[in-house]
Amino acid sequence: MSFEISWYIPERVIFVRITGELDINAVEEMAKAAREEIEIGIAPIHILLDDTKGGRPPISLNQLKSRLEIAKNPSLGWIIGIGETDPVAKFLIPLLMNIMNISFTRVASIEDALKFLVKHDMSLEEYVS
C-alpha cells in the first residue's frame, strides 16, 4: 500500500498514483503531500488520480473528511479519477468529493483527463497537445 505524487504539468497538474489499500493514516499522509505541492503551484491546481491499482479506501466518511485538508485550499481545481477502480472506491470517492464540495469526475484514460482539463481550464491548453 503506497502512493506516489509528482507534477504532471509543473506547478499546474499533480499526478497521484495509489497502489494497494491505504489505511486512514496513509490517506492523511497523501493529503498532506498533495497540500504541500498545491501550496507551491499556480492556481488552479488540478489532480490526476490513478487509483486503478488501489484497493478499498477506508470506509468511514467522517474519518476521510477530517483527514483531507486539501479541500480547504482555494487553489484546488478539479480532481480527476482515471480508469476503473475498486467498486467501493468508485462509490465512496465521488460521494466524499460531493460532501466536501470538491470538483470531481472520473474518466477512462489519461488522455481523456487532459481533454477534460483543457475544456474546463483553458490556461492548460498550451501544455496539452
Problem set entry | residue 27 vs. criteria in contact with an Asp or Glu (Cβ under 6 Å, 6 or more places away or on another chain) and either modelled with pLDDT under 90 or part of a helix (DSSP H, G or I) (or both) | no
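So is residue 67 under 26 Å from residue 118 (Cβ atoms), modelled with pLDDT under 95 and of a type in the set (Lys, Arg) or not? Don't jump to the end; show me each part of the working.
Working: under 26 Å from residue 118 (Cβ atoms): no; modelled with pLDDT under 95: yes; of a type in the set (Lys, Arg): yes.
In short, no.
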Exercise. For the range 81-129, which residues satisfy the criterion of being among the charged types (D, E, K, R), outside any loop (DSSP other than H, G, I, E, B) and under 18 Å from residue 19 (Cα atoms)?
Worked result: 90, 106
Seminar exercise, completed: Filtering the range 10-21 for residues that are crowded, with 19+ Cβ neighbours inside 10 Å and touching a Lys or Arg at 6+ places or on another chain (Cβ under 9 Å) leaves a count of 1
Exercise. Of the numbered conditions (1) assigned to a helix (DSSP H, G or I); (2) loosely packed, with under 15 Cβ neighbours inside 10 Å; (3) of a type in the set (A, V, I, L, M, F, W, C), residue 7 satisfies every one except a single condition; which is it?
Worked result: (1)
Exercise. Looking only at the range 79-99, which residues are of a type outside the set (S, T, N, Q) and either without any contact (Cβ under 8 Å) to a residue 24 or more places away in the chain or within 14 Å of residue 112 (Cβ to Cβ) (or both)?
Worked result: 80, 81, 82, 83, 84, 87, 90, 91, 94, 97
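Of all residues in the range 99-117, count the ones that are aliphatic (A, V, I, L, M), over 23 Å from residue 31 (Cβ atoms) and surrounded by fewer than 16 Cβ atoms within 10 Å (Cβ to Cβ). Can you show your working first?
Taking the range 99-117 and keeping what is aliphatic (A, V, I, L, M), we get 99-100, 102, 107-108, 110, 113-114, 117.
Retained after the next criterion (residues that are over 23 Å from residue 31 (Cβ atoms)): 108, 114.
This time we only want the ones that are surrounded by fewer than 16 Cβ atoms within 10 Å (Cβ to Cβ), so: 108.
Residues flagged as aliphatic (A, V, I, L, M), over 23 Å from residue 31 (Cβ atoms) and surrounded by fewer than 16 Cβ atoms within 10 Å (Cβ to Cβ) within the range 99-117 amount to 1.
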Exercise. What about residue 52, is it among the hydroxyl-bearing types (Ser, Thr, Tyr), at pLDDT 90 or above and farther than 27 Å from residue 125 by Cβ?
Worked result: no
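The values are calculated or read from the model by the stated rules, or taken from the named source; none is laboratory data. Being a predicted model, the structure only gives us computed values, none of them experimental. Here Cβ is always computed from backbone atoms with ideal geometry, including for glycine, and neighbour counts include all displayed protein chains.
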